[in-house]
Every structure is written in structure tokens, then in C-alpha cells.
Amino acid sequence: MRMADVIVGIDLGTTNSEVAAFLDGRVQILPVEGDPILPSVVGMALDGTLLVGAPARNQSVLYPERTVRSIKRLMGSSQTVSMGERTFTPPEVSALILRELKERAEASLGTEVKKAVITVPAYFSDAQRQATRDAGAIAGLEVPRILNEPTAAALAYGEDRHEAKTLLIYDLGGGTFDVSVVHAEGDLTEVLSSHGDTHLGGDDFDQLLLEHVHGRLIAGGGPDLRADRRAMSRLLWSAEEAKKRLSDEPWARLREEHLAEVRGVPFHLDVEVSRQDFERLIEHLLERTINSVHKALSDAGKRPTELDAILLVGGATRTPLVSEFLERATGMRPRQDLHPDLCVALGAGVLASRLAGHDIEKVLVDVSPYSFGPSHLGILEGRVTPHCYHPIIRRNSPLPVSKTESYWTASDDQTKVRLDIYQGDDPNALRNIPIGGFEVEGLSLVPSGNEILCRMDLDLDGILRVTAVEKRTGLSKAITIERATTALSPEEVRKARERMRELAGDEELDAEDVDGRWEPGDDEPGDGGEGNEGEESNDHLSRVDGLLERGRTLLPKMGPDDRGEAMALLERLEEAREKTDALLMESLSQQLEDLLFFIEEK
Ligand code: AMP
């Protein structure tokens, strides 16, 4: 093959299609007008114009009889479809999608494209594969390879090289679900087992959300829209958009101006759904997919512990509950470092580039090397502490990334909250690296449980913007942390910790090793030996125990501010006691004594 050959990789999907190619030294998706995804929808406008992609999808609301969706399901069959007055075979419709992708690729690459690697599901029969080749030929594309989708995913994630791997590929698209256990080695992947459901996917999630919203609408005295096809189509579109937002945010609002007319009066939709509501709706469907995962593993004769990786494929796997279910079922966190709806096209792009003579190992994308999140009040190792931590942005998320999570105030009339932001993965915030913090003041005078949203935006330059918003009023405050993804030097870590302690009003610095993390058992400041041993030490420890006990007993009697301060001191004192850090215990005991004295006097 000559180096001059241009070969692109195409994921010809049931719901969406994408094209990838080697450009500027790497394999990348070729977007058009900023959108990497082409909806696999073809339509005929009223004036006879052919529509492909988003315009066709948009008209399907009004003219479903002039629009064709999910043609992939008919590939290899003798069935035909009609658009307006004309009839088409499945390869002809697929060819219209391929031609659009070819033209997009030519515009991005600035050269003619005559060859494409096209992906198909592993279970596709010979007839279905031949129909795919025929579609390529009709679109003016020679197809040097038809590539199985699980193999494409393995190529994109770089799991094909060097050593043999056992992979679980979980593919949840718009309308289909497949799970395969594969053995990957070199350019070959052998499918050991596969299971699935050809009628399960993100579209079902949209439908469930639509029914939920419609149900709420009726319960609230709104109109029954079921007979209004146009309104229901708009509602479905709105539900899908909300579902996508719920992958990154705890809430989504569905707003449709003038959705219908009720006895001559326009009806506007404005409904809010929470991620929790949505997750409850789809749980039973995800359970079904997990049953398939177990079946696929047992058919392949593999235990979850024998898996080297779980790869996510398909747009619907962006729903966070999917990863949670998989992690619970297998004990392994799925890989998150590629956009799951793009990885099959990227894998096809890797093979296409190799065929064209480029030495491609895997797809390169910018990912966050660290996890980020705020500390919060919660229970850790059986104790209530303000140092609980759960990342909002997870390590290996492709950049740029934006995620939001909800937190709630702990006391009535709490007018301020403090956000301390950490870098790391430990559930104890104190074992992560503090990178910034701020307070939001002027919150509403309401009972505890006031919802505060924390939004994190991390861009390609490693700039992290953290915004806190009081949900009920929109009151917000933000900080920007430069170079959040650059590794900090030990000196910077020390300084960052110091700054955080100062901000928190503490006098003492926590002990730290050079890496900035707690290392129980290491020599630490205050561990110098004076008065730490023998009877004196035991006496000291039992005094601390007594004080801790006294503090815990008094907690229920304290007001919100005192309680917060006391809990923080109790937590730190318990930790210092565990480490038998005499100096720190001394100082914290003194602070706690003073506080308790003050409360007992009240
Ligand atoms: P695919 O067939 O792989 O293109 O996947 C399409 C499905 O992924 C559709 O049901 C989309 O609504 C869904 N999808 C796309 N983006 C997201 C997202 N951010 N969160 C949840 N589902 C998504």
C-alpha cells in the first residue's frame, strides 16, 4: 500500500455514524460544523430535496413517512423502505449516509477519499456484511476491510498490542445492546462469547423519561398529549436532551414553549427531573444488561477477576449509572478515557491509518491525569467527619470536561458554606492534595438541606473552574485554579496544605510525607519521642479519650456553628490520636477544651 493512500474509518451505526482519519499526526474524528456525530437518518423533504443527518432527524417529527431511521436493522434483508413516493433498498439508504461522511472527510482532509474501513457488529451475517460493502460501493467507496465493532473498540483503547488480553466490551447504543468477551492479541480479536438485546438502548431511556414527565404533567392538571403526535415528538426530543444533561448534572429542566394548545390556550412545558428520578426509571433495564454480562462471562468460562479491562462503547454508556452497575457486578471500573460514542469510529480510523502505512499504536486523547472534588460532611470509617471526599471529575476523563454535583447544608439557617477543593482519589480528603478553597456567604435562611450545586469545568490547558451555586436562588461564587492538572512539586504541596490550613483557621499543619499524603507509621513532626512513651503517654492518651467522649456527648446540645467546629476538632483529634502525634494532640486538646468549656458554661 502506498503512503499516499487516504483511507478513513467509519462507524456506520444504527442511531449515529462518525468518520475518523489520520490528521495532524493522530487519528481523530472529523467533525462538520463542530459536530462529530452524524445522525443515521435520511429523509426526503416536501420539495424533493434529499436530507441526511440532523436535518432529516428534525423533519422526522413532522414527516415520519418521509424519513428513514435505523436502516442498519434491515441490512442484509430484502425489505425496502419508502421516503415520500420513492422506494429504496437498505444498502441504498446506508450509501446516502456513507456519501455524506465521505464528503465531510474530504472537506476536512482537503483531498478525495476513495477507501474506507467500515465497522459492523460481530454478530453480522455474511449477507449483512455484503450489504455493507455494497453500500460502500454505491457511495463510491472501496472497502478494504469490514471490521468487527468490538475489535474496533480494542484498537481504539490500545488494548490490541503487545500482550494477549481478555476484555469485556459493553456496548449500549441508541437502540441495541451487546456485550462481548473477547481475546485480543495483535490486530486480531476473537469473540469468546456475546450476548445482547437488539431492542434495548438509550431510546428506551428517553421513552421512560417521556412517560415519567408526561405522567407528572397530567398529575399536575396538565393536558393529556398522547394523541398529539407532534407534541409527543417534541417531548421525546426534550427528554433525550434532558437525559444527556443528567449524565453530567444532578438536575435537568425540560422546557418547551407552546408545546400544545388546550382549548385555544397555549400550553408551555416546564418540568425539572433529578438524576435520581431518572436512575430509578432505568434501573430495571440496566439490571437486564448486567444479567447479559454474567451470561457472557460464564459462556466464555471467565471470572470477572480474569478480565484485563472493561471497555465502554455506545453513547448510552455515558449515563453514570452504567459504570456503577458494571463496577458493582465485576469489581472493576470500566475505562473512561475515550468518548464511548466515538471509540468505534476511532478504532476503524486506527486500522485505516495502519493500512495506509502510518504506525499507529492507539488513539491519543487529552485526559485529566487526576481526580478533583470538594470535601464534604459525611460518614467515613464509622465516624461523622467534614473530610469526606468523592471526586466530581474522575481521573482519565477526556478533556474538556464539565460536571456538577449536589451537596446539602447540614444546619438550619446556615448562611455560609466552605468548599475545599482537593486533587486525588482517597475517600478521606485529608489524604488528598488541597488545591484551593472558598466560602459562599449570604445563603437563604432555610432549614438544613439547602441544595448547593458544585460545578467543575476543566479545560485542555488544565485550568479548573469551580463554581458553587445555591440552587433555590442562583446565588453563586467561583474560583479558577490554574495548572490543576500539572503535578505539584513537594514544596508546592507543602505550601498548598499550609494555605488551606490557614484558610481553615487552623494553627497546626498536618503531618505529611514528602508526597503530601498521610503515611501512617512514618516518622512525623511531633513523633520525636519526648513524653511519648510509658505511663505518662498512657495517661495522656486516656485524657484525650475522655475529652473525645465529652465532646461527642455534648454535640447534640450545640448550635450549628459550634457543632461544626467541634466536629472538625474531634475528627482531627481522633486522627492525631491514631497516629500518637503528641504535639498535635496537645494543641487540638487545648482548642477542644476551650470550646467545650464555653459550651458547658452557656
Ligand atoms: P450511539 O448509537 O452509540 O451513537 O448512541 C446513541 C445513544 O446515546 C442515544 O440514545 C443518545 O441519546 C445516547 N447518548 C448520547 N450522549 C449521551 C449522554 N451524554 N448521556 C447519556 N446518553 C447519551
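The values are calculated or read from the model by the stated rules, or taken from the named source; none is laboratory data. Worth saying up front: this structure is predicted, and the values here are computed from it rather than measured. Backbone-built Cβ (ideal geometry, glycine too); neighbour counts: all protein chains shown. Surface areas here come from the heavy atoms of the whole protein model, side chains and all, with no ligands, DNA or RNA. Shrake-Rupley method; radii C 1.70, N 1.55, O 1.52, S 1.80 Å.
Loop-located trypsin sites (Lys or Arg not before Pro) in segment 228-307 (DSSP state not H, G, I, E or B) with no more than 15 neighbouring Cβ atoms inside 10 Å: Arg263.
If a/c stays under 1.5 just call it rounded; otherwise compare a/b with b/c (prolate if a/b is bigger, oblate if not). Do that for segment 372-484, with a ≥ b ≥ c from the square roots of the Cα gyration tensor eigenvalues. Provide the component values of the computation, followed by the final result.
Values: a/c = 2.14, a/b = 1.28, b/c = 1.67.
It comes out oblate by the Cα gyration axes.
Loop sites here are GluC sites (Glu not before Pro) outside DSSP states H, G, I, E and B with no more than 13 other Cβ atoms within 10 Å. The longest part of the chain free of them is 164-360. For the pair Glu33 and Leu62, label points projected 7 Å from Cα toward Cβ lie 1.6 nm apart. Bridgeable lysines around Lys295 (alpha carbons under 24 Å apart, same-chain partners fewer than 8 residues away excluded): Lys165.
Of the complete DSSP H runs in the chain, those spanning 15 angstrom or more by Cα along the long axis with a mean Kyte-Doolittle score not below 1.0 are 343-355. The residues of segment 372-484 expose on average 44 square angstrom of accessible surface per residue, using a 1.4 Å probe on protein heavy atoms. Residues of segment 555-576 falling in the label zone of Arg383, defined by backbone nitrogen less than 13 Å from a point 7 Å along Cα to beta-carbon, are 567-576.
Separation between the Leu445 and Ser82 pseudo-spin-labels, each 7 Å from Cα along Cα→Cβ, expressed in nm? The modelled label-to-label distance comes out at 7.1 nm. Rounded if a/c is under 1.5, else prolate if a/b is larger than b/c, else oblate: which is the chain, with a ≥ b ≥ c the root eigenvalues of its Cα gyration tensor? It is prolate, given that a/c is not under 1.5 and a/b is the larger ratio. Approximating the spin labels as points 7 Å out from Cα along Cα→Cβ, the Ser233-to-Arg280 distance works out to 3.2 nm. Quick one: pull the percent of accessible area on the chain belonging to carbon and sulfur, 1.4 Å probe, ligands and nucleic acids left out. On the chain, the fraction of accessible area on carbon and sulfur atoms equals 48 percent.
Is there a pair in Lys403/Lys557; Lys362/Lys477; Lys115/Lys302; Lys244/Lys495; Lys72/Lys115; Lys403/Lys495 whose C-alpha atoms are over 32 Å apart, and which pairs would that be?
Details: Lys403/Lys557 38 Å; Lys362/Lys477 40 Å; Lys115/Lys302 38 Å; Lys244/Lys495 40 Å; Lys72/Lys115 20 Å; Lys403/Lys495 28 Å.
Correct reply: Lys403/Lys557; Lys362/Lys477; Lys115/Lys302; Lys244/Lys495.
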